1. Kindly indicate whether R124 is of a type in the set (K, R), in contact with a Leu (Cβ under 9 Å, 6 or more places away or on another chain) and over 29 Å from W367 (Cβ atoms).
2. Could you tell me which numbered condition A266 fails, if it satisfies all but one of (1) modelled with pLDDT under 95; (2) surrounded by fewer than 22 Cβ atoms within 10 Å (Cβ to Cβ)?
3. Of all residues in the range 296-351, count the ones that are of a type in the set (V, I, T) and part of a loop (DSSP other than H, G, I, E, B).
4. When you scan the range 202-228, how many residues do you find that are open to solvent by less than 80 Å² (accessible area, probe 1.4 Å) and touching a residue at least 24 places away in the same chain (Cβ under 8 Å)?
5. With the condition kept exactly as written, say whether any residue in the range 92-106 is on the phi > 0 side of the Ramachandran plot and at pLDDT 90 or above.
6. Open to solvent by less than 40 Å² (accessible area, probe 1.4 Å), among the polar types (S, T, N, Q), closer than 29 Å to K472 by Cα and touching a Gly at 6+ places or on another chain (Cβ under 9 Å), is that true of S328?
7. Taking the range 394-426 only, how many residues are in a helix (DSSP H, G or I) and closer than 17 Å to V445 by Cα?
8. Only residues that are closer than 18 Å to L211 by Cβ and open to solvent by less than 20 Å² (accessible area, probe 1.4 Å): list them for the range 146-166, please.
Amino acid sequence: MAPTEDAAAATLAPPPPPPHFVIIPMVAQGHTIPMVDLARLLAQRGARVSLVTTPVNGARLRGVAAQATRAKLALDIVELPFPTDIAGLPPGIENVDQVTDHAHFVPLFAALRKLAVPLEAYLRSLTPPRRPSCLISDWCNGWTAAVSARLSIPRLFFHGPPCFYSLCDLNAIDHGLHEQTAAAADDTEKFVVPGMPVHVEVTKATAPGFLNSPGWEAQWAECVDAMRTSDGAVVNTFLDLEAQFLACYEAALGKPVWALGPFCLANKGDAEATASRGNAPDVSRQSAVTAWLDTMGTDDSVVLVSFGSLVRRLPKQLFEVGHGLENSGVPFVWVVKEQEAASPEVEEWLAALEARVAGRGLVVRGWAPQLAVLSHRAVGGFVTHCGWNSLLEAIAHGVPVATWPHFADQFLNERLVVDVLGVGVPVGVAEAPVMIFGDESAPVVAREDVARAVVALMGDAEEAGERRRKAKEYGEKAHRAMEKGGSSYESLTQLIESFRQSAGGEKKAKDGTVHAWSALKEQKKIDCHCNGSTGAEA
């Protein structure tokens with residue numbers, strides 16, 4: 001039977017172009033790093049990706065662009081002109097990590113909102129087959145909502161913390177918890193987070209919330225509204241880690257939630273990308289750290305100590321950390337920021353410490369290749385500030401943690417890894433947030449507490465062994481989630497297919513597509529019991 005004219009035409013029709021995802025990170029290392037990983041994941045699966053940023057931040061991403069070119073990935077870096085007429089913002093500051101004065105934060109966010117005009121111009125310039133299929137914007141970039149609405153481009157938001165935290169925050173918004181905690185006269189008064197499948201208590205200082213401090217009301221309201229008007233969310237987690245919280249978050253949000261992590265495993269098998277993640281490649285530093293770790297004859301014997309890119313400790317706290325590590329007797333790699341080690345007093349003290357612990361301790365000044373260190377066989381523990389990137393990197397590599405939260409989501413992230421997942425031991429920091437620039441009022445954690453936590457983390461006690469066992473188990477599950485057939489792999493497949501375009505440039509209709517998480521939830525019979533009466537204590 002001869003083919004019909006329509007069938008013949010369909011056979012000759014060109015295949016539809018790949019979907020084009022435009023990704024807009026928040027200009028902070030802790031936000032940009034996972035969104036770069038997400039861009040790489042999408043491009044590795046055949047999608048076209050444009051990472052939108054500013055010139056200073058674009059310079060930091062040139063290594064990413066070069067790696068993508070060598071791998072023949074359709075991943076571009078798009079630099080929007082940064083406004084220069086913002087009162088109170090010194091020239092050259094285009095990233096949160098560059099800020100050295102709290103007074104610069106509000107002007108920086110005001111400058112970022114002005115990127116809406118050049119972003120819209122860039123998006124309008126794109127024609128088929130490069131027409132945008134979907135924007136994926138950081139939760140903190142609420143200003144992108146109006147742009148996507150004017151151009152009728154679907155928009156997802158990316159939220160960096162785990163679903164456990166995001167569910168706490170959303171429930172706090174919906175049930176008035178923010179107002180209750182803000183009005184509390186006693187900083188130690190405890191409040192139960194409503195609508196959670198586990199019992200979660202917070203204080204005024206540790207309550208969930210981004211950008212909800214005094215003076216940020218308009219910014220916060222814009223971001224919350226952008227969340228509510230989005231087409232869904234992308235999160236850096238995986239099904240076997242947060243199944244119930246993922247189900248409850250999707251139900252509370254009322255939109256699809258695409259769990260695609262751990263994003264850090266997008267670099268699997270690429271030594272250069274792993275070593276340079278978050279910074280320009282530094283071959284000599286990577287080699288020096290790796291060579292030192294190679295000298296450790298016992299696996300899982302070294303503890304990594306690093307506290308993220310923002311908080312800068314005063315000398316008095318640095319000295320307590322150093323003495324605690326020395327007194328613990330445990331081999332360590334300690335990352336100290338360049339600004340922290342800048343004074344002659346601190347440098348002299350660090351040099352003396354290094355002499356005393358020669359062969360057992362390594363102090364790295366400035367940036368360190370964290371992902372490469374965590375993946376080394378010698379590393380068996382991580383003292384961390386509880387940023388979700390760091391926690392998930394540790395979990396993905398089967399490394400238990402000692403938790404030392406500082407601000408924002410970090411206190412609730414600690415509750416997740418310590419009380420729910422069972423892979424962490426707390427340092428015991430007082431539940432009070434700290435300022436990021438050498439806060440004199442911040443409570444000082446004593447060397448005894450540092451040593452106790454490190455010994456508990458790395459020791460031979462039954463509890464330590466159980467933490468290691470659980471961490472290794474979650475690490476194996478993390479890798480399976482990212483492999484073909486795994487939950488995150490399949491969810492990414494469905495995300496890409498949901499935004500695939502036809503040959504004429506029109507976006508494929510969503511009718512009939514199956515959201516990967518919803519399908520997995522049905523398959524695994526995962527229910528959402530968000531009444532605060534079941535599950536582990538948190």
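1. Details: of a type in the set (K, R): yes; in contact with a Leu (Cβ under 9 Å, 6 or more places away or on another chain): yes; over 29 Å from W367 (Cβ atoms): yes.
Against the criterion (of a type in the set (K, R), in contact with a Leu (Cβ under 9 Å, 6 or more places away or on another chain) and over 29 Å from W367 (Cβ atoms)), R124 qualifies.
2. Tallying (1) modelled with pLDDT under 95; (2) surrounded by fewer than 22 Cβ atoms within 10 Å (Cβ to Cβ), A266 fails exactly one: (2).
3. Residues of the range 296-351 that are of a type in the set (V, I, T), as a first pass: 298, 302-303, 305, 311, 321, 330, 333, 335-336, 346.
Now restrict to residues that are part of a loop (DSSP other than H, G, I, E, B): 298, 311, 330.
The total comes to 3.
4. Selection size over the range 202-228: 18.
5. Going residue by residue through the range 92-106, those that are on the phi > 0 side of the Ramachandran plot are 92.
Those left that are additionally at pLDDT 90 or above: 92.
For the range 92-106, residues on the phi > 0 side of the Ramachandran plot and at pLDDT 90 or above: present.
6. Details: open to solvent by less than 40 Å² (accessible area, probe 1.4 Å): yes; among the polar types (S, T, N, Q): yes; closer than 29 Å to K472 by Cα: yes; touching a Gly at 6+ places or on another chain (Cβ under 9 Å): no.
The answer is no for S328.
7. Looking only at the range 394-426, we keep the residues that are in a helix (DSSP H, G or I), and these are 394-396, 410-420.
From what's left, closer than 17 Å to V445 by Cα: 410-411, 414.
Within the range 394-426, residues that are in a helix (DSSP H, G or I) and closer than 17 Å to V445 by Cα number 3.
8. Initial filter on the range 146-166 (closer than 18 Å to L211 by Cβ): 146, 157-161, 165-166.
F157, F158, H159, P161, Y165, S166, listed by residue number.
The values are calculated or read from the model by the stated rules, or taken from the named source; none is laboratory data. These figures come from a predicted structure and were not determined experimentally. Don't worry about glycine lacking a Cβ; one is built from the backbone with ideal geometry, like all the others, and counts go over all protein chains shown. Surface accessibility is based on the protein's heavy atoms, side chains included, excluding ligands, DNA and RNA. Shrake-Rupley method; radii C 1.70, N 1.55, O 1.52, S 1.80 Å.
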